Every structure is written in C-alpha cells, then in structure tokens.
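Okay, so here's the structure we're looking at.
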Amino acid sequence: MPKLKTKSSAKKRFKISAKGKVMTAQAGKRHGMIKRTNSQIRKLRGTTTMSKQDSKIVKSYMPYSLRG
C-alpha cells in the first residue's frame with residue numbers, strides 16, 4: 001500500500017485543533033482594507049473555526065493523523 005498524498009495547499013492553509021476542529025484564517029482581509037471600518041479589521045484578526053460541512057471536505061485532503 002503506497003503512502004497517502006496530502007494536498008499541499010490544504011496543509012499550508014488549515015490546522016486541526018486538539019478537538020478535531022479545522023482552524024483557518026479569517027476571510028475578507030486580503031485587499032480593499034480602505035473601505036472596511038477599523039472595528040471590522042480588528043475583528044478579522046487571528047483564526048476562526050470552519051463549519052462542520054466545510055471541515056469534512058478539508059479533512060479529506062489531510063492524510064493519517066491530520067484527519068482527526
């Protein structure tokens with residue numbers, strides 16, 4: 001049985017928490033910051049957890065222990 005392949009883009013963009021939730025960066029912070037309010041920019045810092053449906057797809061990209 002050959003080794004499982006990881007989707008490299010997923011491995012760079014997502015982390016799996018200790019409880020098995022998928023952590024990802026906040027969306028909406030790439031460009032166009034001038035039209036966002038300062039409070040909006042502050043709230044978009046850090047990471048967020050993905051929805052259950054989306055995290056199921058992301059976990060399928062991760063092999064072995066990263067699947068949770």
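Before moving on, here are some points about what is shown:
- Scanning region 58-68 for residues that are touching a strand residue (DSSP E or B) at 6+ places or on another chain (Cβ under 7 Å) and open to solvent by 60 Å² or more (accessible area, probe 1.4 Å) yields Leu66, Gly68.
Yes/no matrix, rows are residues, columns are (1) assigned to a helix (DSSP H, G or I); (2) open to solvent by less than 50 Å² (accessible area, probe 1.4 Å); (3) on the phi < 0 side of the Ramachandran plot:
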| residue | (1), (2), (3) |
| --- | --- |
| Lys19 | no, no, yes |
| Gly28 | no, yes, no |
| Arg45 | no, no, yes |
| Lys56 | yes, no, yes |
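- Within region 32-43, being assigned to a loop (DSSP other than H, G, I, E, B) and either at pLDDT 95 or above or surrounded by 10 or more Cβ atoms within 10 Å (Cβ to Cβ) (or both) holds for Arg36, Thr37.
The values are calculated or read from the model by the stated rules, or taken from the named source; none is laboratory data. Everything numeric in this text was worked out from a predicted model, so none of it was measured. Every residue, glycine among them, receives a Cβ derived from its backbone with ideal geometry; neighbour counts consider all protein chains shown. What goes into the accessible areas is simple: the full protein's heavy atoms, side chains included, and nothing from ligands, DNA or RNA. Shrake-Rupley method; radii C 1.70, N 1.55, O 1.52, S 1.80 Å.
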